[in-house]
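Right, one structure below, let's go through it.
Every number in this text was worked out from the coordinates using simple rules, so none of it is lab data. Not measured: the values here are computed from a predicted model. Reconstructed Cβ throughout: ideal geometry from the backbone, glycine too, with neighbour counts over all protein chains shown.
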Amino acid sequence: MSVLSAIGLGAGRKIRYAIVGVGDIAQEAMMPGVAHTGNSEITALVTSDSEKARKVGEQYEVTDTYGYEQFDDMLASGKVDAIYLATPNWRHGEFVMPALKAGVHVLVEKPLEVSTQRCHDIMEAARESKAKLMVAYRLHFEPATLATIERIRSGELGEIHLFTSTFVQKVDPANHRAHNGVDAGPIFDMGPYPLNAARYVFGEEPTEVVSATGVRHPEAGLGDFDDTVAVTLRFPGDRLAQFSVSYALNAFESFSALGTKGSIAMQPCYTYGKPLAHTAIIGQDVHTHSFKNTDHFGGEMKYFSDCILNGTDPEPDAEEGYADVRVLEGIVKALQSGSAVKLRPFARKRRIDTSMQKQTLRAIKSPDLVNTSNPGVGVDKVPKN
């Protein structure tokens, strides 16, 4: 029996999700918006914290809770159709591959994993499974981002030759991101945002990590990794992308795409919980457009559940996750070697479909968090994995 046959396609059918990893991103951002998707519901929680399982379960009237060691039991329970995976970056494959093998759909937070080998393993598991996998690039569904992509694709800015971005936040030294090295550091945690943006701005894949420079600020109280990193990438046609990420600076985010006829900038551009905006300059004319705040997380889950129910393939898929990790891995190598790193040739088969992916669910207020907290110091909402 196929996965779609097993869950049924009746009107009003909802995809049943297990939340795997009930930390800050799940509690603060994803779980509050599930109810208003109209096609999704939470039926199980997977966490190592029994008190968290009980209290969060009470918030959402979920009684089926499991420890991580009981993950296989949860997959075999028949009570879930899909998982939303929000464990630390380096534990994604550990749960993605058994879920796909069991025929359970997977919505996994970015990055897909922390090495291209692990991504290849996941991609192979996805090819062999009847279940679907989507990487949680929430901005692929966000109206301001999609409108920016449409303006770039329209040609009104001419040929885009330069992309620049800054994405920084001050991370609490007590957070797990400060104690698990480069795999939890700003390259893999924050780097996917400007990197993914550069790729959808240019519509192509980078060919070289020209340079990567990292520095450490002992006063920040962080672990054994570069807490601030600046990167330059080369794209086909001698186009350049430059971005900086940091765990040690006051929160700030922006990106700019500069072309032969004009430019466009977003600030804010990566955050959830506030309206995003863009400013386009065409010749000497300036146009600013602010967009309504939306529920990024509920929107991406709604889209993924629609894909499951309708039997369509989601974008962003496992290949999109790999496309970023191949570059992030190259950045780490360049950082370690102090030299440029050529990237193996790669062509993405799919791109964002701005006409089909926009989601406009209203923003949802976050509840009080149980045994977890936002990793940022002195900020209310920043993207986290």
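Quick one: Cα centre-to-centre distance for the range 18-97 and the range 234-258, in angstrom? The distance from the Cα centre of the range 18-97 to that of the range 234-258 comes to 33 Å.
Classify the range 234-290 from the C-alpha gyration tensor, please: rounded if a/c falls under 1.5, else prolate or oblate depending on whether a/b exceeds b/c. Judged from the Cα gyration tensor, the range 234-290 comes out oblate (a/c at least 1.5, b/c at or above a/b).
Of the residues His161, Pro218, Leu233, the one whose Cα sits farthest toward the positive end of the charge dipole of the range 141-293, with +1 on the Cβ of Lys and Arg and -1 on the Cβ of Asp and Glu, is His161. Short-range pairs are left out: with C-alpha atoms under 8 Å and at least six residues apart, the relative contact order of the chain is 22 percent.
With neighbour counts taken as other beta-carbon atoms within 10 Å, the residues Tyr17, Tyr60, Tyr137 rank, fewest first, as Tyr60, Tyr137, Tyr17. Between Ile352, Pro314, Ser366, the Cα set farthest toward the positive side of the dipole of the range 279-381 (charges on each charged residue's Cβ, about the Cα centre) is that of Ile352. Placing +1 on the Cβ of every Lys and Arg and -1 on the Cβ of every Asp and Glu, with no other charges, gives the chain a dipole of roughly 740 debye about its Cα centre. Here the dipole of the range 1-141 is about 480 debye; that uses its Cα centre as origin and unit charges on the Cβ of Lys and Arg (positive) and Asp and Glu (negative). Counting Cα-Cα pairs of the chain in 10 Å increments starting at 0 gives whole-percent bin shares of 5, 24, 34, 26, 9, 1, 0.
Projecting the Cα positions of Ala251, Ala18, Met134 onto the charge dipole of the chain (unit charges on Cβ atoms of Lys, Arg, Asp and Glu, taken about the Cα centre) puts Met134 furthest along the positive direction.
Helix 92-101 and the longest principal axis of the C-alpha atoms of the chain enclose an angle of approximately 50°. Put a dot 7 Å past the Cα of Asn293, heading toward its Cβ, do the same for Tyr68, and the two dots end up 3.3 nm apart. Summing +1 for each Lys or Arg and -1 for each Asp or Glu among the other residues whose beta-carbon sits under 12 angstrom from that of Glu320 gives +1. Among beta bridges identified by DSSP and lying wholly in the chain, the antiparallel ones come to about 60 percent. Cα convex hull, the range 141-293: 115 Å³ per residue, rounded to a whole number. Rounded to whole numbers, the Karplus 3J(HN,Hα) couplings from phi for the range 84-91 are 9, 9, 10, 6, x, 3, 6, 10 Hz, using 6.51 cos²θ - 1.76 cosθ + 1.60 with θ = phi - 60°, and x at Gly and Pro. Computed from Cα positions, the angle between helix 296-310 and the longest principal axis of the chain comes to roughly 60 degrees.
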